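Comments concern the structure below.
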């Protein structure tokens with residue numbers, strides 16, 4: 001049978017429209033790009049959330065999955081989010097949920113997960129959502145707090161049956177703290193995580209000083225703080241990102257050089273660059289070793305577990321320099337990775353590239369708006385309640401008439417009208433009186449209502465004052481941020497290094513020329529050597545902690561130096577293994593390219609390196625002073641077959657507080673005690689002793705006194721004494737106290753084992769010295785964060801009181817260096 005066809009109706013044929021294909025493709029692509037940019041890939045600069053993340057946290061809060069509740073299946077969370085708010089697939093929702101629970105991906109995790117949520121670097125995929133459970137972390141509650149108080153706008157969901165917040169209230173700067181990454185159409189974002197305490201401090205400074213410059217803000221936020229720790233080397237890219245929104249920096253693994261066996265040295269990796277997993281590093285090292293592109297590695301063990309965390313042990317062959325192998329690992333493996341910052345976020349619905357100041361400014365403005373709207377909402381609620389309370393008070397004062405009017409009324413409406421007419425009440429008040437049980441209209445409830453009325457009036461006045469004063473509003477926002485920082489801030493994990501470590505050359509010759517050099521040791525434990533005989537400079541301003549040089553020791557590159565600890569132990573270290581310090585004439589601290597002493601020696605948990613001494617047989621050896629006032633001169637007869645030996649036998653939990661190199665043996669030695677006594681005597685009064693000896697009496701102490709500082713003064717006429725007094729109950733660096741600077745020549749030479757002379761008269765409230773130092777003028781002081789603190793002018797009164805300090809100081813050093821000692825003060 002032939003099939004018949006019919007022509008389309010004429011009205012249908014008239015609806016056919018000719019469209020330019022290129023225009024249609026362009027328009028459709030723009031709609032797709034717009035959707036990806038605004039609905040998937042880019043975070044909002046106010047709360048740092050992408051839409052899927054915001055929907056997850058909001059829905060979990062609506063489900064009551066708070067930290068004090070039990071966990072629920074992740075599949076249930078994903079189902080609720082997908083069914084009510086998110087128009088896309090379940091995999092995108094679960095991936096976002098997993099990432100918000102990973103402590104190695106988020107600096108402050110927002111989801112508390114039970115089960116397998118993946119591993120560092122993506123080496124181990126998370127379990128399926130039907131096997132894992134989740135609930136909100138406590139910091140996540142801060143992001144959604146007060147969301148039911150009309151603090152943000154809501155919009156319809158994908159089908160118009162539900163509503164969702166356009167942005168979260170965000171009680172802390174989540175975008176800077178946790179960072180973000182995403183690829184949109186034609187643009188991408190990649191933001192580094194930061195330390196919560198540092199970011200909040202910068203935000204509070206911007207709230208108090210709206211015109212603050214970028215330089216002022218970077219004093220609070222010096223650089224990113226990655227969840228996996230590591231070291232950022234080279235901060236120029238970070239500064240570019242903070243200024244322009246784009247920059248690149250390098251992150252390095254945290255590696256220590258240690259003995260892995262009796263005859264082998266190894267590299268122990270405890271932290272990897274951000275988003276780099278151990279399996280990736282292990283496979284790359286094995287590939288390089290098999291192809292013979294990497295020499296010197298004999299074994300590789302991955303000892304990572306849940307108890308001790310990441311731990312890769314790289315065992316080295318004998319005869320290979322550990323620093324050279326480590327540099328090759330940095331160069332050829334993911335143990336050093338680049339991170340490109342691209343701060344693209346949505347501001348008022350538009351993608352923008354933002355610097356540090358702009359990011360903080362957007363957040364601060366958002367938070368001010370949230371707190372303002374919250375205050376308005378709370379004031380309105382209290383005004384409405386006060387209106388009802390006033391109505392009840394009227395009813396209580398006229399209870400008999402109220403009851404009579406109600407009894408006389410034919411129905412509820414008539415009773416309401418009678419009350420409104422008789423007592424000039426609003427309809428809301430009259431209705432509330434009718435709905436109130438008679439049992440509440442008693443004398444006791446009247447007292448409660450009066451108390452409630454007074455409380456409501458007080459709260460309304462406080463909220464009105466906040467809304468009418470921008471200063472009070474800003475103060476409230478700053479206070480709330482401070483409370484968040486106090487509760488949730490954690491110490492910095494990522495170290496920042498100005499230099500890229502170029503001093504650690506990849507090829508260190510085994511037989512170096514024996515050239516003169518200086519070993520420089522810093523107050524924070526960094527150590528390095530100069531390229532030649534020139535002493536590295538100490539700059540006028542102490543801009544970082546590493547500017548404070550503890551000691552400079554003249555030696556040669558093929559010699560050994562000894563690290564003396566507070567337990568009286570000397571550890572031999574070859575000078576050639578120390579990193580070279582740059583001397584390019586720039587305004588960089590001399591120890592910025594140095595390494596911490598823990599890279600070279602193994603110390604006990606409560607053991608610290610006090611100083612560095614040369615280990616050649618020439619000279620007069622060195623002198624040691626202890627906390628209990630013992631002094632000892634050690635002759636330069638060090639055992640050649642030992643790398644670790646005692647230089648003094650300590651008694652009764654005594655500790656070494658000072659070690660000083662002696663060039664002639666005729667220098668002046670000095671003790672400064674906590675009871676403000678200074679003893680000056682000649683080193684010739686101390687007879688050199690063998691290493692096992694325990695020393696002789698140096699300074700006489702009272703029962704509760706201790707030695708704060710000990711050292712040699714090679715040039716008494718050029719030296720000054722710095723003392724800082726305060727309360728004995730104060731911790732180091734927590735109180736300013738009073739300080740005094742006097743010439744060392746003002747103190748007479750006394751006999752050894754005497755009490756010395758007074759060097760500081762205590763003011764009211766002071767009972768001890770907190771800090772003491774003697775060295776070449778000019779003296780330089782810095783506080784705990786390395787910032788300089790101005791010291792008082794020179795005073796000729798050796799037994800006078802000090803001048804009040806503007807800031808608490810923890811370190812005092814010299815503004816000059818020479819071939820002798822430049823030792824810092826010791827705190828309590």
Exactly one of (1) in contact with a strand residue (DSSP E or B) (Cβ under 8 Å, 6 or more places away or on another chain); (2) at pLDDT below 90 is unmet by residue 124. Its number? (1)
Of the conditions (1) more than 30 Å from residue 785 (Cα to Cα); (2) touching a strand residue (DSSP E or B) at 6+ places or on another chain (Cβ under 8 Å); (3) free of Cβ contacts under 8 Å to residues at least 60 places away in the same chain, the single one that residue 684 does not satisfy is (2)
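Having 3 or more residues that are closer than 20 Å to residue 382 by Cβ and in the same structural domain as residue 380 (by TED's automatic domain parsing) is the bar; report the helices (runs of 4 or more DSSP H) wholly within region 395-458 that clear it. Quick ask: steps written out before the conclusion?
Details: elements: 399-408, 412-423, 427-435.
Passing ranges, in order: 427-435.
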Can you find, within region 167-184, the residue that is farthest from the chain's Cα centre (by Cα) among those that are part of a loop (DSSP other than H, G, I, E, B) and within 23 Å of residue 339 (Cβ to Cβ)? 184
Residue tally, condition touching a helix residue (DSSP H, G or I) at 6+ places or on another chain (Cβ under 7 Å) and not in a strand (DSSP E or B), over region 548-573: 3
By residue number, the members of region 213-238 that are surrounded by 19 or more Cβ atoms within 10 Å (Cβ to Cβ), part of a helix (DSSP H, G or I) and touching a strand residue (DSSP E or B) at 6+ places or on another chain (Cβ under 9 Å) are 237, 238
Unmet criterion (only one of (1) modelled with pLDDT under 90; (2) assigned to a loop (DSSP other than H, G, I, E, B)) for residue 25: (2)
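For residue 643, indicate whether it is at pLDDT below 90, over 15 Å from residue 711 (Cα atoms) and within 39 Å of the chain's Cα centre (by Cα). If you could, list the steps in order and put the result at the bottom.
Values: at pLDDT below 90: yes; over 15 Å from residue 711 (Cα atoms): yes; within 39 Å of the chain's Cα centre (by Cα): yes.
Yes; evaluated as a whole, the condition is true for this residue.
Among the residues in region 248-257, are any in contact with a helix residue (DSSP H, G or I) (Cβ under 7 Å, 6 or more places away or on another chain), modelled with pLDDT under 95, surrounded by fewer than 18 Cβ atoms within 10 Å (Cβ to Cβ) and not in a loop (DSSP other than H, G, I, E, B)?
Initial filter on region 248-257 (in contact with a helix residue (DSSP H, G or I) (Cβ under 7 Å, 6 or more places away or on another chain)): 248-249, 252, 255-257.
Narrowing further to those that are modelled with pLDDT under 95: 248-249, 252, 255-257.
Then drop every residue that is not surrounded by fewer than 18 Cβ atoms within 10 Å (Cβ to Cβ), which leaves 248, 256.
Going one step further and asking which of them are not in a loop (DSSP other than H, G, I, E, B), we end up with 248, 256.
Yes; the residues of region 248-257 include at least one that is in contact with a helix residue (DSSP H, G or I) (Cβ under 7 Å, 6 or more places away or on another chain), modelled with pLDDT under 95, surrounded by fewer than 18 Cβ atoms within 10 Å (Cβ to Cβ) and not in a loop (DSSP other than H, G, I, E, B).
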Filtering region 324-353 down to residues that are more than 18 Å from residue 279 (Cα to Cα), in contact with a helix residue (DSSP H, G or I) (Cβ under 7 Å, 6 or more places away or on another chain) and crowded, with 21+ Cβ neighbours inside 10 Å yields 341, 343, 345
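Looking at the structure I just gave you, is residue 377 in a helix (DSSP H, G or I), buried (at least 17 other Cβ atoms within 10 Å of the Cβ) and at pLDDT 90 or above?
Working: in a helix (DSSP H, G or I): yes; buried (at least 17 other Cβ atoms within 10 Å of the Cβ): no; at pLDDT 90 or above: yes.
So residue 377 does not fit the description; no.
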Given (1) out of contact with any strand residue (DSSP E or B) (no Cβ under 6 Å at 6 or more places or on another chain); (2) surrounded by 21 or more Cβ atoms within 10 Å (Cβ to Cβ); (3) not in a helix (DSSP H, G or I), number of the condition residue 210 does not satisfy: (2)
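Could you tell me whether any residue of region 442-452 is under 30 Å from residue 171 (Cα atoms) and at pLDDT 85 or above?
Yes, region 442-452 has at least one match.
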Residue 104 is checked against (1) surrounded by fewer than 18 Cβ atoms within 10 Å (Cβ to Cβ); (2) under 24 Å from the mean Cα position of the chain (by Cα); (3) in a loop (DSSP other than H, G, I, E, B) and fails just one. What number does that condition carry? (1)
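Checking the condition modelled with pLDDT under 95, more than 17 Å from residue 138 (Cβ to Cβ) and part of a loop (DSSP other than H, G, I, E, B), which residue from 70, 48, 83 passes? Spell out how you get there, then give the answer.
Details: 70 fails: more than 17 Å from residue 138 (Cβ to Cβ); 83 fails: part of a loop (DSSP other than H, G, I, E, B).
Exactly one residue qualifies, and that residue is 48.
Conditions (1) over 29 Å from residue 105 (Cβ atoms); (2) under 29 Å from the mean Cα position of the chain (by Cα); (3) touching a residue at least 40 places away in the same chain (Cβ under 8 Å), marked per residue:
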{"position": "281", "(1), (2), (3)": "no, yes, yes"}
{"position": "284", "(1), (2), (3)": "no, no, yes"}
{"position": "292", "(1), (2), (3)": "yes, no, no"}
{"position": "300", "(1), (2), (3)": "no, no, no"}
{"position": "303", "(1), (2), (3)": "no, yes, no"}
{"position": "309", "(1), (2), (3)": "no, yes, no"}
{"position": "316", "(1), (2), (3)": "yes, no, yes"}
Can you pull out the residues in region 524-558 that are more than 21 Å from residue 219 (Cα to Cα) and modelled with pLDDT under 75? 532, 533, 534, 535, 536, 537, 538, 549, 550, 558
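Across region 401-423, what is the total count of residues that are within 28 Å of residue 457 (Cβ to Cβ) and loosely packed, with under 13 Cβ neighbours inside 10 Å? So that I can check it myself, show each step before the final result.
Step one: of region 401-423, the residues within 28 Å of residue 457 (Cβ to Cβ) are 401-402, 416, 419-423.
In the following step, the residues that additionally are loosely packed, with under 13 Cβ neighbours inside 10 Å were identified as 421.
Number satisfying all stated conditions: 1.
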Which one of the conditions (1) assigned to a helix (DSSP H, G or I); (2) more than 16 Å from the chain's Cα centre (by Cα); (3) under 24 Å from residue 488 (Cβ atoms) does residue 199 fail to meet, given that it meets all the rest? (2)
Residues to consider are 149, 141, 164; find the one that is in contact (Cβ under 8 Å) with a residue 40 or more places away in the chain, over 26 Å from residue 482 (Cα atoms) and either touching a helix residue (DSSP H, G or I) at 6+ places or on another chain (Cβ under 9 Å) or in a loop (DSSP other than H, G, I, E, B) (or both). 164
Residue under evaluation residue 98, criteria (1) more than 19 Å from residue 306 (Cβ to Cβ); (2) free of Cβ contacts under 8 Å to residues at least 40 places away in the same chain; (3) outside any loop (DSSP other than H, G, I, E, B), criterion not met: (1)
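Just a yes or no: is a residue in region 775-784 in contact with a helix residue (DSSP H, G or I) (Cβ under 7 Å, 6 or more places away or on another chain) and either in a strand (DSSP E or B) or surrounded by fewer than 21 Cβ atoms within 10 Å (Cβ to Cβ) (or both)?
Within region 775-784, one or more residues are in contact with a helix residue (DSSP H, G or I) (Cβ under 7 Å, 6 or more places away or on another chain) and either in a strand (DSSP E or B) or surrounded by fewer than 21 Cβ atoms within 10 Å (Cβ to Cβ) (or both).
The values are calculated or read from the model by the stated rules, or taken from the named source; none is laboratory data. Predicted model only: the values in this text are computed from it and were never measured. No Cβ is skipped: glycine too gets one built from the backbone with ideal geometry, and neighbour counts run over all protein chains shown.
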